[in-house]
Amino acid sequence: MTDKPIAVVTGVGPGTGAAIVKRFSAGGFRVVGLARSPELISRLAQELPDVHALTCDVSDEGRVKAVAADVKRRFGPAEVLIHNAVGGGWGSFREIDPKMLKGNFEVNVMGLLYLARELTPDMIDRGKGAILVTGNTSSIRGKANFAGFAPTKAAQRILAESIARDVGPLGVHVSYVLIDAVIDTPRMRARLSDKPDDFFIKPAAIADELFHLYSQDRSAWSFLSELRPFGETW
């Protein structure tokens, strides 16, 4: 157990996930990072104070239950859940394998449901806590080439809003961060090598906004927060 608040972060990869872990660690949290592959989060756990790595496929309800119980037993109840894990892919409704849509739904929507059901009760008992979800513009528009992805992000946003309306009056802040940008990761830099630096959104800036949302006064909570580079067309 620890006097530090506990943050559980899913989808810890080399971009936004790693930045979130670093920001909340710097902000005084004990951070438990969840990822399907333990490689990166294990490295962060060695580099940063009070960061711990657990392997978890958030689409697996049984695994989520086991990990949530392990976190509570080892560290205490979570004060913050940041659902950053994402299943994605491209293609029109005529092209995609239907299994892709189903798989993305399991990660993006069912994963949020499983995690919230396991971690929220302790937040309600204490009358405080936060659930922060990283989303994007696919949650509000269905472009032709996003048929296997956009429906799941729209459902994720609506689920987050439903949770917010349920637990907000009980002291738990739920916020959905709509990211209208290409995130600055090595993979996207390689794909879009002709783009200037200002085209990308910085993972650290996303993490800063998530920390700000956690820190908001309860008299002025945000549910939907939109982030985009200054030059983004919208």
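Evaluating LYS202 against the criteria (1) surrounded by 15 or more Cβ atoms within 10 Å (Cβ to Cβ); (2) touching a Ser or Thr at 6+ places or on another chain (Cβ under 9 Å) leaves one unmet condition, (2). Residue check: ASP122 meets all listed conditions (1) surrounded by fewer than 22 Cβ atoms within 10 Å (Cβ to Cβ); (2) in contact with a Leu (Cβ under 8 Å, 6 or more places away or on another chain); (3) not aliphatic (A, V, I, L, M) but one, namely (2).
In summary, THR134 fulfils each of the numbered conditions (1) touching a residue at least 24 places away in the same chain (Cβ under 8 Å); (2) hydroxyl-bearing (Ser, Thr, Tyr); (3) part of a helix (DSSP H, G or I) with the single exception of condition (3). Evaluation of ALA147 against the conditions (1) within 16 Å of the chain's Cα centre (by Cα); (2) touching a residue at least 12 places away in the same chain (Cβ under 8 Å); (3) over 18 Å from SER222 (Cβ atoms) shows that the sole unmet condition is (1). Elements of the type helices (runs of 4 or more DSSP H) sitting completely within the range 142-216 and holding at least 1 residues that are under 23 Å from LEU132 (Cα atoms): these cover 150-167, 203-215.
Among the residues of the range 31-75, those identified as touching a Pro at 6+ places or on another chain (Cβ under 9 Å) and either within 25 Å of LEU170 (Cα to Cα) or not in a helix (DSSP H, G or I) (or both) are ALA53, LEU54, THR55, VAL71.
Taking the listed residues SER59, SER25, SER42, SER37, the one that is closer than 15 Å to HIS83 by Cα and not β-branched (Val, Ile, Thr) is SER59, with no other qualifying.
Quick note: the coordinates plus some simple rules give every number you see, no bench work behind them. Keep in mind that this is a model prediction, so the values were computed, not measured. Please note: Cβ atoms are built from the backbone with ideal geometry, for glycine as well, and neighbour counts cover all protein chains shown.
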